[in-house]
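S.K.: Pasting in a structure now, in structure tokens, and then I'll have a few things to ask.
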Amino acid sequence: MSEYGELLDESTVRFERVLPGPIERVWEYIVESDKRRKWLCAGDIGAGAGAHVDMNFHNETLSTTDDIEVPEKYRKYAGEMSFTGAVTRWDPPHVVSHTWEFEDESSEVCYELEEVGDKVRLVLTHRRLETGDKILSVSGGWHTHLDILVDVLEGHEPGAFWKKQTALEAEYTARLGL
């Protein structure tokens, strides 16, 4: 299993990670605002299909070590930014999917959890990405956020967010040829 995301088609990326369990704990870090904010974003995910999703990002708060300045490409998103979505699939503690309404796009993220002994396999799939640039940004971003999730679940201090995300986005550019 590679930590790198794979391009499934022209608009879909998929990531897989094996995380420390139990599955209920990992589920909480995906759906509970106070835990999700430690690796991705704060905001409520309502229970059940059709429920409201709030996503309140502040990536600068995820780093505990010295980071670089927010890259020019992402400066307009520096600080706090919020957007919404709606739950499209809800099967606790195994699957939650929701739309991701950002600017003029509507994509969809699906988190699938499976117990593997005392570990949990997370498969994250992000669909309906409209451009190659969006795929690269999302690939570097998800890879970085998932690495932070691993750090948080293992009790380690996360590294520098923007430094890692910038390096990974460049690597995905080379890997995916976009």
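S.K.: Under a no-solvent Debye model with one identical scatterer per Cα of segment 1-84, what's log10 I(q)/I(0) at q = 0.16, 0.18, 0.24, 0.25 Å⁻¹?
M.R.: -0.91, -1.11, -1.22, -1.20
S.K.: Under a straight-distance cross-link criterion of Cα-Cα below 18 Å, which lysines are reachable from Lys38, leaving out those fewer than 8 residues away in the same chain?
M.R.: In chain and number order, the partners are Lys163, Lys164.
S.K.: What percent does the relative contact order of the chain come to when contacts are Cα pairs within less than 8 Å and at least six residues apart?
M.R.: Values: 351 pairs, mean separation 45.8, N = 178.
That works out to 26 percent.
S.K.: Let me ask you something else. For the chain, what Kirkwood radius comes out of the mean inverse Cα-Cα distance, in Å?
M.R.: On the way: mean 1/r = 0.0610 Å⁻¹.
Hydrodynamic radius (Kirkwood, Cα pairs) of the chain is 16.4 Å.
S.K.: With +1 assigned to the C-beta of every Lys and Arg and -1 to the C-beta of every Asp and Glu, and no other charges, what is the dipole magnitude of the chain about the Cα centre in debye, to the nearest 20? Intermediate values should be presented prior to the final figure.
M.R.: On the way: 19 positive and 35 negative charges, 17 e Å.
About 80 debye.
S.K.: Subtract the Cα-Cα distance of Phe102 and Ala167 from 0.36 nm times their separation in residues, and report this length gain in nm to one decimal.
M.R.: Values: separation 65, 0.36 × 65 = 23.40 nm, distance 2.35 nm.
21.1 nm is the gain from fully extending Phe102 to Ala167.
S.K.: Next up: In a Gaussian network model over the chain where Cα atoms closer than 10 Å are linked, find which of Asp151, Asp118, Asp104 has the largest mean-square fluctuation.
M.R.: Greatest mean-square fluctuation among the candidates belongs to Asp104.
Coordinate-derived values only; no laboratory data. If you're wondering where the values come from, they're calculated on a predicted model, not measured in any experiment. Counting neighbours? That spans all protein chains shown, and the Cβs are built from the backbone with ideal geometry, glycine included.
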